Amino acid sequence: MPADRAADFYVYVFERDRIFQRLRTFEGRNGARLRTFLAFHVLKSLFLEWQRTSRDLDTVSLEETPADRSADDGGPPEPVAPAPSLWETLAPEERLDLKLLSLLECDLAPDDLRLLARLSGRSLRDTVAAVAEVQQRLGSRDVRVAELRAALDSAWGWLVLRRRELQETVEKMRLLGVDHDSPTRRRLETRRQRLEAALATRLGQRDRLLAQMRTFKVTTPYKDIAYLLNAPVGTVCSRIFRLRQRLETLRGAQEARP
Amino acid sequence: MTCPDPGVLSQLLDDELAPAEAARTRAHVATCAACGERLAGLERASALGRRLAGAADGPAAPPGGGCPGAEDLAGWAERRLPAAVFQAVETHLRDCDACLVEAVAAVRATLPAPAPALAVPESLKARVASRWSAPEAAGRGGLVLRLVRAGVQLVDRHVVAPLLDVEAWAVPAPAVRAGEDRSALGFRIRAARAEIRASVVPEGDGVGVRLTLLDDRERALVAQRVVLRRHGRAMYSARTDAAGTVQLPRLEPGVYEVACPEIETDFRLDLRR
């Protein structure tokens, strides 16, 4: 976020005692500390609220950098992601291994985390903490990579937020039923179209960030993967090797098909 | 050297070999066509895997029912919950995607911040300071300028250090339509190395504000950004013209902040009916 916007948010948080009103809901039950509650809940919900009050869909921060635009003109810098069918043919464990190997640029989905917890025999909490710790360590190895990671995080947060809004809009339209010409419906329809367009732009931005990140060679060290899976490093080595062999075979088969 | 196990080639790709072994393996691959081909295949597969993993994501499922409160999630993230409550949260997270996403955020919030704290930008300090009136003793309390005519009655100004001085004087309205009796107010804000001259003219229900930015030798400051904010949100932004002037849009009564980031000057305009 540019410093100017961050400053806007800072001012918003303290204006009309917003932050203090929310902090009042903290009861201190069960030993939860205020700091964590503040960081992940209060500030996050204030951020969402602040985003919602902004009338337009972030046209400012959606501005593309010149590098973005040149990437558009010259076509994507690498082949477009292969058909999702290939991803679908992989077993959940294999998908998890691939994500673990690229932990710096991929976040684990809820199902991945559950699977990882099961495989490692850890509680979900300890699994989530271990992943976060490894991700943080990976990010601290290279400043440029860490910057990209931060940009990716904010693009991701934006996507989550707007997708939820799109879901809500679509749901409202569904509830409105068949009255096609009501002003409310037209307003919702405009909103939906704008959200979809903005989402498409953001997804493009996110793909470009990912492509940029892939120019850095940062795979998760095997010992970290082994730690996450609670398995010996040797097992990780052979799992990754077998997975790559399988991918190469699948890729060959896909290319052979007309 | 005999051909290495293909698994070793895979490790080579990920920088997992000891330096000596990596060098030996690279030297061998350079001379052995079969191993070169194997390594290339593994490299393709590795790139493909990375793309697949990166492309995989989708909208998270909406929350179900009976979700734990934020405080319990915070306690869970810190592992401070009593065992029974902890287990209840764990069980819930096994089914609820939305909560698990929240939970990941909660855990991340418990990690120590990796980067050194960022310095607070001067413009933010100035903005925050502009929201508080300085103690009277410092001689920079809010100054109230009164306009007698209809339209604007009060121009209340809070300015921040390093502003040095404010002067107010009555100026003739730059353009008055026949039969209309208008008066305008001008004031001058002196900062360390710059000066802002403002004229405020009633316009219907609101006011027009024109600002001129000058440097310390009274030369126009050209192409300076001027941002107008209301309730902390930017509503107008423009750059000064060749004369150092910028005309703000007609303002309704209310409280505004004017920021000129390039000369590090912010002030608040309080326009009341």
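The values are calculated or read from the model by the stated rules, or taken from the named source; none is laboratory data. The structure presented is a predicted model; accordingly, all values stated were derived computationally and were not measured. All Cβ positions, even for glycine, are placed from backbone atoms using ideal geometry, and neighbour counts span all protein chains on display.
Residue count for the stretch A:127-169, restricted to those that are buried (at least 16 other Cβ atoms within 10 Å of the Cβ) and more than 22 Å from residue A:219 (Cα to Cα): 7.
When B:238, B:220 are screened for being of a type in the set (Gly, Ala, Ser) and within 18 Å of residue B:188 (Cα to Cα), only B:220 passes.
Scanning the stretch A:1-29 for residues that are more than 30 Å from residue A:148 (Cβ to Cβ), facing chain B (nearest Cβ under 9 Å) and surrounded by 17 or more Cβ atoms within 10 Å (Cβ to Cβ) yields a single hit, A:26. In the stretch B:207-255, which residue that is surrounded by fewer than 15 Cβ atoms within 10 Å (Cβ to Cβ), basic (Lys, Arg) and over 26 Å from the mean Cα position of the chain (by Cα) is farthest from residue A:5 (Cα to Cα)? This residue is B:217.
Being at pLDDT 85 or above and under 24 Å from residue B:98 (Cβ atoms) holds for only one residue in A:152, A:116, A:175, and it is A:116. Sort out which residues of the stretch B:1-55 are within 8 Å of chain A (Cβ to nearest Cβ), farther than 30 Å from residue A:200 by Cα and among the hydroxyl-bearing types (Ser, Thr, Tyr), and write them in order of number. Answer for the stretch B:1-55, where residues must be within 8 Å of chain A (Cβ to nearest Cβ), farther than 30 Å from residue A:200 by Cα and among the hydroxyl-bearing types (Ser, Thr, Tyr): just B:10. Looking at the stretch A:105-122, is at least one residue among the hydroxyl-bearing types (Ser, Thr, Tyr) and within 9 Å of another protein chain (Cβ to nearest Cβ)? Taking every residue of the stretch A:105-122 in turn, none turns out to be among the hydroxyl-bearing types (Ser, Thr, Tyr) and within 9 Å of another protein chain (Cβ to nearest Cβ). Cβ-Cβ distances below 9 Å connect the following pairs, each with a first residue in the stretch A:194-212 that is without any contact (Cβ under 8 Å) to a residue 60 or more places away in the chain, a second residue that is basic (Lys, Arg) and surrounded by 15 or more Cβ atoms within 10 Å (Cβ to Cβ), and a separation of six or more residues or different chains: A:199/A:162; A:199/A:163. Which residue is farthest from the other protein chains (Cβ to nearest Cβ), if the candidates are limited to the stretch B:80-103 and must be over 33 Å from the mean Cα position of the chain (by Cα) and among the charged types (D, E, K, R)? Within the stretch B:80-103, the match that is farthest from the other protein chains (Cβ to nearest Cβ) is B:95. Within the set A:187, A:202, A:242, the sole residue that is in the same structural domain as residue A:115 (by TED's automatic domain parsing) and among the basic types (Lys, Arg) turns out to be A:242. The residues in the stretch B:234-254 that are more than 14 Å from residue B:199 (Cα to Cα) and either in contact (Cβ under 8 Å) with a residue 40 or more places away in the chain or in a loop (DSSP other than H, G, I, E, B) (or both) can be counted, and the count is 6.
Contact annotation: residue pairs with Cβ atoms under 6 Å, 6 or more positions apart or on different chains, pairing a residue in the stretch A:36-47 that is more than 7 Å from chain B (Cβ to nearest Cβ) and part of a helix (DSSP H, G or I) with a partner that is buried (at least 16 other Cβ atoms within 10 Å of the Cβ) and not aliphatic (A, V, I, L, M), are A:42/A:22.
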